[in-house]
Amino acid sequence: MVEEAGMKIDEVVDGRGLFCPGPLMELIKTIQLKPVGTVLAVLSTDEGSAKDIPAWIQKVGQEYLKTEKKDGYWEVIVKKIK
Amino acid sequence: MERISFVLASDTLEKLHAVALMASVAAVSQMEVNVFVTMNAITAFRKSAIEKKSFRVEGEVGRHLLEKSQQMFYDLLLQGKMMGSLKVYACGMALDLLGEDLDQYFPVFDEVLGVAGFLGKVAGGQVLFV
């Protein structure tokens, strides 16, 4: 588990270097296997995915926490709530 | 469940990829997705075309897709099928004209279908023609 600005990250999904929709697909594969309550951070170098992933999270009813621009990539944080 | 359907008629890599991308993301976004592969598009799904990555390319993006893409259109469709509700149908008329059956094709198809069958499956939803 990684702690970041008071937020506990249980799982990091590293989608850096993947083209759209690779990071989203990686998130979906991982989130399916994790228990409710898991907080996941998806890393993406693809700007489209950084916007797509929050849209997908909201569409499927998971909890979108935040997106942060890091050095050369985006980090999208999501909590599995169902 | 929302429903979206695609009629994929073009054999150009750019259009094959665009449809596969939209269909797979729709499928993992809790949408029911149907893809009807017809006309020349069906030829891009031959096992022989896929083995040689022999696809018609329209322009610059297509050339880059061939060089750099980590997942080709048939992989995206398979992924959408595994992770969501995505069905892919082969046009019976196109196969009849070519004198071929699904054994010669990449195993992504759920069944061979005619237009009436496809229209029955997509009724009430949005249909995009590519």
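Would it be correct to say that B:VAL28 is within 14 Å of another protein chain (Cβ to nearest Cβ) and either crowded, with 16+ Cβ neighbours inside 10 Å or without any contact (Cβ under 8 Å) to a residue 60 or more places away in the chain (or both)? So B:VAL28 passes the test.
Filtering segment B:42-66 to residues that are more than 12 Å from chain A (Cβ to nearest Cβ), in a helix (DSSP H, G or I) and over 26 Å from B:LEU97 (Cα atoms) leaves B:GLU60, B:GLY62, B:ARG63, B:LEU66.
Among the hydrophobic types (A, V, I, L, M, F, W, C) and within 30 Å of A:ILE31 (Cβ to Cβ), is that true of B:ALA23? Answer is yes for this residue. Residue-level check: of (1) among the polar types (S, T, N, Q); (2) closer than 30 Å to B:VAL61 by Cα; (3) surrounded by fewer than 19 Cβ atoms within 10 Å (Cβ to Cβ), A:SER49 misses just (3). Does B:VAL112 satisfy the condition of being closer than 21 Å to B:LEU21 by Cβ and of a type in the set (Val, Ile, Thr)? The answer is no for B:VAL112. Residues that are surrounded by 14 or more Cβ atoms within 10 Å (Cβ to Cβ) and out of contact with any strand residue (DSSP E or B) (no Cβ under 6 Å at 6 or more places or on another chain) within segment B:78-90 comprise B:LEU78, B:GLN79, B:LYS81, B:MET83, B:GLY84, listed in sequence order. Under the condition of being closer than 22 Å to B:ALA94 by Cα, touching a strand residue (DSSP E or B) at 6+ places or on another chain (Cβ under 6 Å) and either in a helix (DSSP H, G or I) or of a type in the set (Ser, Thr, Tyr) (or both), the residues counted in segment B:1-41 number 6. Do we have B:VAL33 as buried (at least 18 other Cβ atoms within 10 Å of the Cβ), modelled with pLDDT of 95 or more and in contact with a helix residue (DSSP H, G or I) (Cβ under 8 Å, 6 or more places away or on another chain) here? So B:VAL33 fits the description; yes.
Under 11 Å from the mean Cα position of the chain (by Cα), among the aromatic types (Phe, Trp, Tyr) and part of a strand (DSSP E or B), is that true of B:TYR74? No: the conditions fail for B:TYR74. For segment A:10-30, the set of residues classified as β-branched (Val, Ile, Thr) and modelled with pLDDT under 95 consists of A:ILE28 only. Scanning segment B:78-95 finds no residues that are without any contact (Cβ under 8 Å) to a residue 40 or more places away in the chain and among the charged types (D, E, K, R).
The values are calculated or read from the model by the stated rules, or taken from the named source; none is laboratory data. Everything numeric in this text was worked out from a predicted model, so none of it was measured. Here the Cβ is made from the backbone with ideal geometry for all residues, glycine too, and neighbour counts use every protein chain on show.
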